[in-house]
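A.B. asks: Before we start, here is the structure in question, set down as C-alpha cells.
None of the figures in this text is laboratory data; all of them are computed from the coordinates on show. The shown structure was predicted, so the numbers you read here are calculated from the model rather than taken from an experiment. Using ideal geometry, Cβ is built from the backbone for each residue, glycine included, and neighbour counts are taken over all protein chains shown.
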Amino acid sequence: MLSISLVLIFWLKGENYSFMKQDTSSVNNLVHLFLCGDVMTGRGIDQILPYPVNPILYEPFVKDARDYLYLAELKNGRFKYPVSFSYIWGDALKVWKKMPPSVKIVNLETSFTVHDRPWPEKGINYRMHPKNIKVLTSAGIDLCSLANNHTLDWERHGLIETLETLKESGIVVAGAGKNEKEAATPGIIPVNVGKADRPGFRGQKQWYPQILDRAREYVGNKHTSRGDRSLC
C-alpha cells in the first residue's frame, strides 16, 4: 500500500492561535480528528452488504469475491447477510458516540462503481456498488482521500462514478478529480472553530511511475513527474 501523508491546516477564529501556547484546560478550541488509513470495503465486505457488485475478481488466485466469505465462515462460523451498512464499523460506533470527532477522514481505497473493466494487468482492483455508499455515511465520514494506488482500479469511468457518488452523498473528496484543477483542489471541511484544509499527498512506489504517467494523460490526477512525492 502507498503511504499517505496527511497535511492539515487550520484557520481559527479570533486571536492568533498557537498550539504551543494552547490552554489545555479547555477543549472548546480543540479540533478532534479521526484519521483512518486504507479503508477497503470491496471483495467480501461488498458481498455481504445489501447491494453487492458482480463478484468476479481479476486477482492471481481468488477469482470470486464470495470465496472470502467462505474463508471467513470457515474460521468464524456461518452468519446471516445482508448486514446493515453500519455493521462493518463494529465497536468504533460506540467509541465515536463516547468521544465524538470533529472531523472523520479516511483514505478510501475502494471505487464506488459498477464499471466492469479493471485497470489492465494491475491484478488487485477494489470496488463496491455505489448503492452501498451508506457504509460511509452511516459512519459519518466527512472526507475521503483518493490519493492512493487504487484510485484508477476501474479506470477513468470508475473514478468518475466514485467522485459523483461521494459528492452526491455529501462527502468531501481530496486527492483526485475529473481534471487537473479539480484534482489539486484541497478538501475543505467547516468546523466550529474554523475549517480544516486537507490536500491529498501520496508517495510513489518504484513500480508505479507508468500508471502515474498514464493517469495524468487520462484523467485529472496531478503529480510531479517521476518525483519523490506526488500530489493528486
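A.B. asks: In whole percent, what relative contact order does the range 93-158 give with Cα contacts below 8 Å and a gap of six or more residues?
C.D. replies: 47
A.B. asks: What does the C-alpha gyration tensor say about the overall shape of the range 21-125? Classify as rounded when a/c is under 1.5, otherwise prolate if a/b is larger than b/c, or oblate.
C.D. replies: It is prolate, given that a/c is not under 1.5 and a/b is the larger ratio.
A.B. asks: Give the distance, in whole Å, between the Cα centre of the range 40-103 and the Cα centre of the range 114-185.
C.D. replies: Each part's Cα centre sits 18 Å from the other's.
A.B. asks: Still on this structure, please answer the following. Kindly write out, for the range 163-175 in residue order, the coupling ³J(HN,Hα) from the Karplus curve 6.51 cos²θ - 1.76 cosθ + 1.60 (θ = phi - 60°), rounded to whole Hz, with x marking Gly and Pro.
C.D. replies: In residue order, the calculated couplings are 4, 5, 5, 5, 4, 5, 8, x, 9, 6, 10, 9, x Hz.
A.B. asks: Given the pairs Lys122/Lys181; Lys104/Lys131; Lys131/Lys178; Lys80/Lys104; Lys134/Lys181, which are separated by over 23 angstrom at their Cα positions?
C.D. replies: Result: Lys122/Lys181; Lys80/Lys104; Lys134/Lys181 exceed 23 Å.
A.B. asks: When you count, for each residue, the other Cβ atoms within 10 Å and take the mean per peptide, how do 51-57, 111-117 rank with the highest first?
C.D. replies: Descending packing order for the listed peptides: 111-117, 51-57.
A.B. asks: Among Leu93, His115, His129, whose Cα sits farthest toward the positive end of the charge dipole of the range 90-134 (+1 at Cβ of Lys/Arg, -1 at Cβ of Asp/Glu, about the Cα centre)?
C.D. replies: Working it through, the farthest residue towards the positive pole turns out to be Leu93.
A.B. asks: A follow-up question, please. Beta carbons within 10 angstrom, averaged per residue: use that to sort the peptides 155-167, 61-73, highest first.
C.D. replies: 155-167, 61-73
A.B. asks: Show me 31-37, 88-94, 101-107, 134-140 ranked by packing, highest mean number of other Cβ atoms within 10 Å first.
C.D. replies: 101-107, 134-140, 31-37, 88-94
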